[in-house]
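Scroll down for the structure; my scribbles are underneath it.
The values are calculated or read from the model by the stated rules, or taken from the named source; none is laboratory data. Remember, it's a predicted structure, so these values are computed and weren't measured experimentally. All Cβ positions, glycine included, derive from the backbone under ideal geometry; neighbour counts span all protein chains shown.
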């Protein structure tokens, strides 16, 4: 991996940093993206609240299928490298668009989930939070009797307020921002690196190919995050 000495110095001098991760960071673990040619949407209707209201059992079963697939996957070297970054910077957090829980499995203990978590559920009516539920039949809330749904963000839904506020706070206060494996088209997550740059952070993109963010970041490294991030971590020691 080639990286300018000046860029390396900037990374080493930073005390506060965060990483925004997208589907590309989990792709090396064997988790397909949602939008790719072999993605989740190729044979399924993209789900939203309206779809859930029309056919909640179908939506529940589809998410159970995703969860069971994800259960079989393990963190890849990019996840472990980001977990190791916790020892490099005084303050380091992962802000993720992924719902697969792989950052936590790899050892990251400060993870902000912008799109929820496939292992967590909530009541569609009262909002009560539940852990993992292994049932093929859609369950009902023991508090209000409402239907329980996965605690993930569907099309047209706003991001969790607390998660978004925390992510923006880190974007505004961090000296360094890594953008890893995200296309930069899903809002409002895609605006987080731009907020960070506006506040004076040095923004580094790590992705397989150019994205809409490439012209705005300070430095881009193109390639597999599962290769680049472990190498980068070693060079920071």
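On the given criteria, is residue 112 assigned to a loop (DSSP other than H, G, I, E, B), surrounded by 18 or more Cβ atoms within 10 Å (Cβ to Cβ) and modelled with pLDDT of 95 or more?
Judged against the criteria, residue 112 is not a match.
Looking at this structure, is residue 128 under 22 Å from residue 29 (Cβ atoms) and surrounded by fewer than 22 Cβ atoms within 10 Å (Cβ to Cβ)?
no
Please count how many residues of the stretch 73-88 are exposed (fewer than 15 other Cβ atoms within 10 Å of the Cβ) and free of Cβ contacts under 8 Å to residues at least 40 places away in the same chain.
Adding up the residues that qualify gives 1.
Please enumerate the residues belonging to the stretch 138-180 that are surrounded by 21 or more Cβ atoms within 10 Å (Cβ to Cβ) and modelled with pLDDT under 95.
none
Where residues in the stretch 199-213 are over 26 Å from residue 75 (Cα atoms) and modelled with pLDDT of 95 or more, which of them is surrounded by the most Cβ atoms within 10 Å (Cβ to Cβ)?
201
One line per residue, one yes/no per condition, for (1) free of Cβ contacts under 8 Å to residues at least 24 places away in the same chain; (2) assigned by TED's automatic domain parsing to the domain that holds residue 2; (3) under 17 Å from the mean Cα position of the chain (by Cα):
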{"site": "186", "(1), (2), (3)": "no, yes, yes"}
{"site": "199", "(1), (2), (3)": "no, yes, no"}
{"site": "206", "(1), (2), (3)": "no, yes, yes"}
{"site": "210", "(1), (2), (3)": "yes, yes, no"}
{"site": "223", "(1), (2), (3)": "no, yes, no"}
{"site": "230", "(1), (2), (3)": "no, yes, no"}
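Listed here are the residues, each with its yes/no results for (1) touching a helix residue (DSSP H, G or I) at 6+ places or on another chain (Cβ under 9 Å); (2) part of a loop (DSSP other than H, G, I, E, B).
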site	(1), (2)
148	yes, no
171	yes, no
192	yes, no
215	no, yes
220	no, no
233	yes, no
